[in-house]
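J.: One structure, as structure tokens, below. Some questions next.
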Amino acid sequence: APRPLYEEAPLMPPPKVTVTDTHLVLNQAIFFEFDQDRILPISYPILNELAAALRAHPGIQRVRIEGHTDSVGTASYNLNLSYRRAQAVNQYLVRHAVQEYRLHAAGFGQGQPIASNETEEGRAQNRRVSFVIEQWQQPSGTLKAQR
């Protein structure tokens, strides 16, 4: 059979961001170049959706962008990589009209796994960026601080 002339990109679900009381939850991962803090273009749609959600919810006053890695590599290297990746997402959002004072990046390295680092699937789940809402301005005008 003839081979296709191009590689098909993986099918991604439509990008979706859900706002909860404590988090901005993305329906897909943010992908980076291997061992780098450069965001891959396949993740631009979900990040654009995230920027739009933040612009649409001005009451979300402070978001911690958390970078996490798997356990491959040294703890100090992974801590640095996770921070640089969170910072790259922070910069992307600022370039897409989210006020810088609403965001801050934090790297957690391999210290907060959500799955086993013994399998590739588990390691893939541990390589993540999450978005914690630290401060809401409620419509009533009262501040609601998160953890």
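J.: Please sort by residue number the GluC sites (Glu not before Pro) in the range 9-106 whose DSSP state is loop and whose Cβ has at most 16 other Cβ atoms within 10 Å. Intermediate results must be reported in sequence, preceding the final value.
T.: On the way: sites: 33, 49, 66, 100; in loops: 33.
Passing both the DSSP loop test and the Cβ count: 33.
J.: Determine, at each q value in 0.14, 0.17, 0.19 (inverse angstroms), the log₁₀ of I(q)/I(0) that the Debye formula gives when each Cα of the chain is one equal point scatterer.
T.: After summing over all Cα pairs, the log10 values are -0.70, -0.97, -1.16.
J.: Amide H neighbours of residue 31 under 5 Å, counting only residues 5+ apart in sequence or on other chains, H built in-plane at 1.01 Å?
T.: Those lying under 5 Å, H to H, from residue 31 are 40, 43.
J.: Here is a further query. May I ask you to evaluate 6.51 cos²θ - 1.76 cosθ + 1.60, the Karplus curve with θ = phi - 60°, for each residue of the range 11-25 and list the ³J(HN,Hα) values in order in whole Hz, giving x for glycine and proline?
T.: Ordered by residue, 3J(HN,Hα) equals 6, 10, x, x, x, 8, 10, 10, 9, 10, 5, 10, 9, 9, 9 Hz.
J.: Using only Cα atoms and rounding to the nearest 10 degrees, what angle (0 to 90) does helix 75-95 make with the longest principal axis of the chain?
T.: 60
J.: Sticking with this one: Using alpha-carbon positions, what is the distance between the centroids of the range 86-135 and the range 54-71, in Å?
T.: Comparing the Cα centres of the range 86-135 and the range 54-71, I get a distance of 8 Å.
J.: Then there's this: Could you list which residues have their amide H under 5 Å from that of residue 105, counting only those 5 or more apart in sequence or on another chain, with H placed in the peptide plane?
T.: 65
J.: Would you please name the chymotrypsin sites (Phe, Trp or Tyr not before Pro) within the range 14-44 that are DSSP coil residues with at most 11 other C-beta atoms within 10 Å of their C-beta? Let's see the in-between values first.
T.: Working: sites: 31, 32, 34; in loops: 31, 34.
The qualifying sites are 34.
J.: Further, regarding this structure: On the protein heavy atoms, probe 1.4 angstrom, tell me the percent of accessible surface of the chain carried by carbon and sulfur.
T.: Carbon and sulfur together cover 56 percent of it.
J.: Out of the DSSP beta bridges found with both residues in the chain, what percent are antiparallel (nearest 5)?
T.: Of those bridges, close to 75 percent are antiparallel.
J.: Tilt of helix 44-56 relative to the longest C-alpha principal axis of the chain, in degrees (0 to 90, nearest 10)?
T.: The helix 44-56 is inclined about 10 degrees to the chain.
J.: Still on this structure: When the label point is put 7 Å from the Cα of residue 55 along its Cα-to-beta-carbon vector, which residues of the range 87-103 have a backbone N closer than 19 Å?
T.: Hits in the range 87-103 for residue 55 at 19 Å: 89-103.
J.: In the range 14-58, which residues have a backbone nitrogen under 17 Å from the label point lying 7 Å from residue 95's Cα in the Cα-to-Cβ direction?
T.: It comes to 30-34, 36-52, nothing else.
The values are calculated or read from the model by the stated rules, or taken from the named source; none is laboratory data. For clarity, every value in this text was computed on a predicted model and none was experimentally measured. Positions of Cβ are backbone-derived with ideal geometry, glycine not excepted, and every protein chain shown enters the neighbour counts. Note: accessible area is taken over every heavy atom of the protein model, side chains too, but ligands, DNA and RNA are not part of it. Shrake-Rupley method; radii C 1.70, N 1.55, O 1.52, S 1.80 Å.
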